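Contents: one structure, followed by commentary.
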Amino acid sequence: MTTVTRRNVLKGGTALAGGMAGILAVGRAPAYAQAATVHWLRWTDFVPASDQLLRNEIAKECEKALGIKLNIETINANDIQARVTSAIQSGSGPDVVCVLNNWGQLYGESVADVSDIAEALGKSQGGFYETSRAVANDGKKWIAVPWCIVGLQIAYRKSWFAEIGYTDGKFPQTWEEYREAGKKLKAKGRPIGQTLGHTFGDAPAFAYPYLWSWGGKEVEADGKTVALNSPATVEAVKFMVAFWKDAHDEGGLAWDDSNNNRAFLSGTCSATLNGASIYIETLRKPDTYKTEAGGPLKDDILHAALPKGPGGQFSYHVPFSNLLMGYSKNQDAAKKFLGWIHSKDVYDKWFVSQKGFSVGPTTDWEKHKLWGDDPIMLPYKQAARTGRFAGYEGPSTRRAAEVVTKYVIVDMYAKAVQGMPPEDAVKWAEAELKKVYV
Amino acid sequence: MAISAVSDTTLREAPPPRRQRLLEDERWLAFVLLVPTIVLLGLFIAYPFMRGILLSVTSSRVGIPGDFVGLANFYKIFNDGIFRTAVYNTFLYTGVTTVFKLALGLWLAMLLNRNFRGKAFTRAFILLPFIIPTVLSTFAWKWMFDPTFSVLNWLLYHLGLITGRINWLGDPDLAMISIIIVNIWRGVPFFAISLLAGLQTISPELNEAAAIDGAKPWQRFWHITWPLLLPVTMVVMLFSVIQTFADFQIVYVMTGGGPANATHLFATYAYQIGVGTGLLSEGAAISLAMFPVLFLVVVIQLLYIRRVEVR
C-alpha cells in the first residue's frame with residue numbers, strides 16, 4: 001500500500017499547478033492515456049442490437065486489428081449538438097462524432113479534413129448518394145465521412161387500410177387520397193401519427209419533402225435568396241391545417257421521435273413516417289406486439305413512400321456522418337479507425353445488424369443479400385436515391401443546417417395547425433429564413 | 001549610559017518576522033482568509049460572467065472567435081419574435097408560479113406547524129418533490145401529460161370529467177400551464193419548509209396573548225404571524241424568483257420549448273441558440289438579457305429585507 005506523505009502531496013500539487021499552467025497556455029485539456037484510444041460519440045440507436053454489436057464485438061476487433069481501444073459513447077440524438085459545441089469550445093471531448101442531418105456543416109471550421117478517407121470510400125464502394133455528399137462535403141473538402149442513411153418511409157397497418165379500400169398492398173398515392181384515407185381511419189379512432197415537434201428525425205423528414213411536393217422551397221439555387229413565401233408554400237400550409245385536423249393524432253405537435261413508435265406499436269395510430277424501427281421491433285418481439293385479432297403485428301405492417309403533391313413526389317432520408325474533431329490529439333489513430341470501420345468487411349456486420357433500418361452511404365450496399373431476406377423492407381433499399389436534402393434548392397450549407405436546427409420549416413406548419421393564418425405562418429418562416437440567409 | 005542602553009536593547013524582544021507581523025494585522029488576516037473565496041468567485045462567477053459579456057458583443061460561432069459587433073446581437077434578439085415570446089413566458093412563468101408557491105407553501109407551513117400524529121413523517125413526505133432529481137420527476141410528469149397516453153387524461157376520463165383527450169403538451173396554452181403546474185409542485189416544499197422554520201421562531205405566547213385579548217385567527221395571522229414571517233418570506237421569494245427566472249430543466253424535458261417555440265424561457269432559448277445551433281454570441285446575448293431583471297429583483301428585495309431588519 002502506498003503511503004501518502006506530505007512531501008508526495010506537495011509534489012502532486014506542484015505537478016497539478018504546472019499542468020494547469022500548461023492547459024491554460026494551450027487552451028486545451030491534456031490527452032493523458034489517449035494515445036491508443038479513440039472516443040466515438042454516437043446516438044443511441046433505434047436498433048439496440050447495433051449498439052450491442054459495436055460495444056461487444058466491433059470494439060474488441062478494433063483493438064485486435066489496429067491496437068486502438070475504442071471507447072463508444074451513446075447519447076440521445078437531440079443532445080449531440082450540445083455535446084459537439086461544448087467539446088469544440090473546450091477543445092476536448094470525443095475524437096469522432098457521428099452527427100445526423102447536415103449538422104456537420106455547422107462545425108466545418110473545427111473538424112479535420114477527411115477527404116482522403118471519404119474519397120477512397122466513395123471510389124471503392126460504388127460512389128456516394130447525393131444526400132451523403134451534400135451533408136459531408138463543404139464544396140472544397142470532405143468535412144465528415146458519410147456513415148449511413150436512415151431511410152424514411154410510411155409504416156402502415158395493412159389490415160386497417162384494407163378496410164377502407166386499399167387492398168393488395170396499395171397505399172394512397174396523393175396527399176388528397178392520404179387525407180381522405182386518414183379521415184376515415186381517424187373516424188374509427190385510428191388516426192395518422194406524425195410529429196410536428198422539435199425533434200431531430202421524423203419532423204424534418206416529413207416537413208421538408210411535404211413542402212417540396214407542393215412546389216415550395218427554402219431558397220433559390222444560389223443558396224442565398226429566400227424563396228419560401230410562394231403560392232405553393234401557402235397552399236401546402238393551408239392543406240396541412242385541414243389534413244391535420246381531419247386525419248392526424250393532434251397530440252403529434254408535442255411528439256418526439258419515439259412517440260410515433262409507441263403509438264403505432266400500441267395500435268393507437270394507423271400510419272406514420274418512420275425509419276423501419278417499428279417493424280424491426282415487431283420482428284424482435286413477435287409475442288409482445290399483436291393485432292386486435294391476436295396475430296403478430298409484424299405481419300400487418302407494410303411500408304410506402306410519402307404521397308405525391310402538385311410539385312412531385314419527394315423524400316428526405318436522414319443522413320449520418322462521422323466528424324473527426326480538429327482538437328483531437330489522436331488524429332492518426334482516429335483516421336485509421338475511420339478507414340477500418342468503413343471497410344467492407346467491418347461495416348458489413350453493422351449493416352446487417354441494422355436489418356435495413358439504415359442503408360449504406362454508397363450505392364454498393366443496395367446490392368447486399370440482406371435485401372433479399374424480407375420483402376417488407378424492400379421500400380427502404382433504394383430510398384436514398386430519391387432523397388433531397390435540407391436547404392433545397394440551394395446547397396446543404398451551414399445556413400441550411402441552422403434552419404434545420406431551429407426547426408423553422410417544421411414550426412411553420414405547427415404554427416398554422418395551432419391557429420395562425422397560413423399566410424402569416426409562411427411570412428413568419430420567411431422572416432426567420434431571412435435572418436439566417438443574411 | 002552606555003551600559004543601560006545596551007541592556008535596554010538586549011532586554012527588548014526581537015521584532016517578529018514580517019510574515020508573522022502581517023498575519024497579526026486583522027486587515028491582512030481577513031484578506032488572507034478571504035483569498036480562497038475571492039479566487040473561487042473569480043473563477044466560477046466573475047470569469048464566466050465577463051466571458052459571457054465579451055461573447056455577446058462578438059459574432060462568435062462554435063469554433064470561430066468572430067469579430068467585435070457591438071450591440072448587434074442585442075438588436076437582433078430584441079427584434080426576434082421567439083425571444084419576445086421567451087421574455088413574456090419567463091415573466092408569466094415566474095409570476096404565476098411564485099404566487100402559487102407562496103400561497104400553497106404558506107398554507108402547508110401553517111398546517112405543518114400544528115401538532116398532530118405523524119407530524120415528522122408528513123414533514124419528510126412533503127419534501128419529496130424537492131428531493132427527487134428534477135430531471136427524473138419531470139420525466140414522470142411528461143409521461144403523465146403525454147399527448148397520446150396521458151395518465152391524467154385517463155383518470156379525468158374515467159372520473160367523467162372529460163369526454164375527449166386534452167392535448168396537454170401539444171397546445172401552446174396548455175403546455176405553458178403544464179410546465180407551471182410542474183414548477184409549482186416542485187417548488188412548494190421549499191416554501192413550506194422554509195416558512196415552517198420561520199413560523200417556529202415566532203413565540204406562541206404572542207398568539208396566546210392576542211387570543212386572550214379576543215383577536216380572531218385571521219387577525220392573529222395578519223397582525224402577528226405575517227409581519228414576523230415577512231423577512232423569511234422575502235428571502236425565500238428572492239431565491240425562488242431567481243431560480244424560476246433562470247429555470248431550464250423542467251421546460252427542456254417537458255416541451256423542449258415547443259410546441260412551435262410556445263414555451264421557451266430565457267434559459268431554454270439561449271441553450272437552443274447558443275449551444276444547440278452553435279450561435280454562441282447570440283446565445284450569450286439572450287442569457288445576458290436576464291441579468292438586468294434579476295439584478296433589479298435582487299437589489300429591491302435585499303433593500304427591503306434590510307429595511308425590515310432595521311425596523
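The values are calculated or read from the model by the stated rules, or taken from the named source; none is laboratory data. Nothing here was measured: the structure is a model prediction, and the numbers come from that model. As a convention, Cβ positions derive from the backbone with ideal geometry for all residues, glycine included, and neighbour counts pool all protein chains shown. The accessibility values were calculated without ligands, DNA or RNA, using every heavy atom of the protein model including side chains. Shrake-Rupley method; radii C 1.70, N 1.55, O 1.52, S 1.80 Å.
For chain A, carbon and sulfur atoms together expose 54% of the accessible surface, with a 1.4 angstrom probe and every protein chain in place. Shape descriptor for chain A: Rg over Rh equals 1.02 (Cα atoms; Rh from the Kirkwood inverse mean 1/r).
For the cross-link pairs A:Lys60/A:Lys141; A:Lys184/A:Lys290; A:Lys183/A:Lys308, the ones whose C-alpha atoms lie over 26 Å apart are A:Lys60/A:Lys141.
On a 18 Å Cα-Cα criterion, which of the cross-link pairs A:Lys406/B:Lys76; A:Lys123/A:Lys381; A:Lys344/A:Lys367; A:Lys123/A:Lys344 come out too long? Among A:Lys406/B:Lys76; A:Lys123/A:Lys381; A:Lys344/A:Lys367; A:Lys123/A:Lys344, the Cα-Cα distance tops 18 Å for A:Lys123/A:Lys381. Mean projection of the Cα convex hull over all viewing directions, computed for region A:330-409: 7.7 nm².
Could you give the length gained on full extension between B:Leu54 and B:Ile162, defined as 0.36 nm per residue of separation minus the Cα-Cα distance, in nm?
Using 0.36 nm per residue and subtracting the Cα-Cα distance, I get 33.6 nm.
Each listed q (0.14, 0.15, 0.25, 0.26 Å⁻¹) maps to a log10 I(q)/I(0) for region B:85-124, found by the Debye formula over equal Cα scatterers with no solvent: -0.47, -0.50, -0.79, -0.82.
Of the residues in region B:48-81, those shielded by at least 30 Å² of accessible area once partner protein chains are present, compared with the chain alone at a 1.4 Å probe, are B:Arg61, B:Val62, B:Gly63, B:Ile64, B:Lys76.
With coordinates expressed along the principal axes, the C-alpha atoms belonging to region B:156-311 extend over 64, 49, 18 Å, beginning with the largest. Expressed as a whole percent, how much of the Cα-Cα distance distribution for region A:104-221 exceeds 20 Å? The proportion of pairs with Cα distances above 20 Å equals 61 percent. Computed over neighbours whose Cβ is under 12 Å from that of A:Gly127, the net charge equals -1, Lys and Arg +1, Asp and Glu -1. Restriction of the chymotrypsin sites (Phe, Trp or Tyr not before Pro) in region B:69-168 to DSSP coil positions whose beta-carbon has at most 11 other beta-carbons within 10 angstrom yields B:Phe116.
In percent, rounded to a whole number, the relative contact order of chain B is 26, using alpha-carbon pairs under 8 Å and six or more apart. Annotation note: trypsin sites (Lys or Arg not before Pro) in region A:86-148 located in DSSP loop regions with a Cβ neighbour count of at most 12 within 10 Å are A:Lys140.
A Cβ-based charge dipole, computed about the Cα centre of chain A with Lys and Arg at +1 and Asp and Glu at -1, lands at about 940 debye.
To the nearest 20 Debye, how big is the dipole of the protein assembly as shown about its Cα centre, given +1 on the beta carbon of each Lys and Arg and -1 on that of each Asp and Glu?
For this selection, approximately 1280 debye.
Modelled spin-label separation between A:Ser90 and A:Lys188, with each label point placed 7 Å from Cα along the Cα-to-Cβ direction: 5.3 nm. For the chain pair A and B, the buried solvent-accessible surface (1.4 Å probe, both sides summed) amounts to about 2600 Å². Each Cα pair under 8 Å and six or more residues apart adds its separation to the average, and for chain A the resulting relative contact order is 26 percent. Each Lys and Arg adds +1 at its Cβ and each Asp and Glu adds -1 at its Cβ; summed about the Cα centre, chain B shows a dipole of about 340 debye. Please give the per residue accessible area of the protein assembly as shown, computed with a probe of 1.4 Å over protein heavy atoms only, in Å². The answer is 47 Å² per residue. Provide the FRET efficiency to the nearest 0.05 for the B:Ala197-B:Asp173 pair, computing r from the beta carbons and using R0 = 41 Å. Approximately 0.65, to the nearest 0.05. Among the DSSP helices (H) of chain B, those spanning at least 24 angstrom by Cα along their long axis with an average Kyte-Doolittle hydropathy of -1.0 or more are B:81-112, B:172-199, B:226-245, B:290-310; this is a geometric and hydropathy rule only.
Equivalent-ellipsoid semi-axes for chain B (Cα gyration tensor, √(5λ), whole Å, largest first): 47, 36, 17. Relative contact order for region A:327-438: 14 percent, from Cα pairs under 8 Å spaced at least 6 residues apart, divided by residue count. In region B:219-260, the residues that give up 20 Å² or more of accessible area when the other protein chains are added, compared with the chain on its own (1.4 Å probe), are B:Tyr252, B:Pro259, B:Ala260. Cross-link partners for B:Lys119 among the lysines, with Cα-Cα distance under 28 Å and sequence neighbours closer than 8 places in the same chain left out: B:Lys101, B:Lys216.
Candidate cross-link partners of A:Lys435 among the aspartates and glutamates, defined by an alpha-carbon separation under 19 Å and a same-chain spacing of 8 or more, comprise A:Glu218, A:Glu220, A:Asp222, A:Glu393, A:Glu402, A:Asp411, A:Glu423, A:Asp424, B:Asp67, B:Asp80, B:Glu282. In a DSSP loop and with at most 11 other Cβ atoms within 10 Å, the trypsin sites (Lys or Arg not before Pro) in region B:78-170 are B:Arg114, B:Arg117. At an R0 of 25 angstrom, the distance between the Cβ atoms of A:Ser159 and A:Asp373 translates into a FRET efficiency of 0.60. Ordering B:Pro204, B:Ser240, B:Ala46 by the projection of their Cα atoms onto the charge dipole of the protein assembly as shown, which places +1 on the Cβ of Lys and Arg and -1 on the Cβ of Asp and Glu, puts B:Pro204 at the extreme positive end. Along its first, second and third principal axes, ordered by size, region A:294-437 spans 55, 53, 30 Å in Cα coordinates.
Rounded to the nearest 0.05, what FRET efficiency do B:Leu34 and B:Ala211 have when you use their Cβ-Cβ distance and R0 = 56 Å? Plugging the Cβ-Cβ distance into 1/(1 + (r/R0)^6) gives 0.70. In chain B, helices alone account for a calculated mean residue ellipticity at 222 nm of -21500 deg cm²/dmol, with every DSSP H run of four or more residues adding -39,500 (n - 2.57).
Note on the protein assembly as shown: the C-alpha convex hull projects to 49.3 nm² when averaged across all orientations. Element breakdown for chain B at a 1.4 angstrom probe: carbon and sulfur atoms account for 71% of the accessible area. Over the Cα atoms of region A:254-351, what is the Rg over Rh ratio if Rh follows Kirkwood? Computed over Cα atoms, the ratio is 1.13.
Holding the Cα-Cα limit at 23 Å, pick out from A:Lys186/A:Lys427; A:Lys217/A:Lys434; A:Lys188/A:Lys285 the pairs that are longer than that. Check vs 23 Å cut-off fails for A:Lys186/A:Lys427; A:Lys188/A:Lys285. Protection proxy ranking for B:178-190, A:91-103, using the average of other Cβ atoms within 10 Å per residue and placing the highest first: A:91-103, B:178-190.
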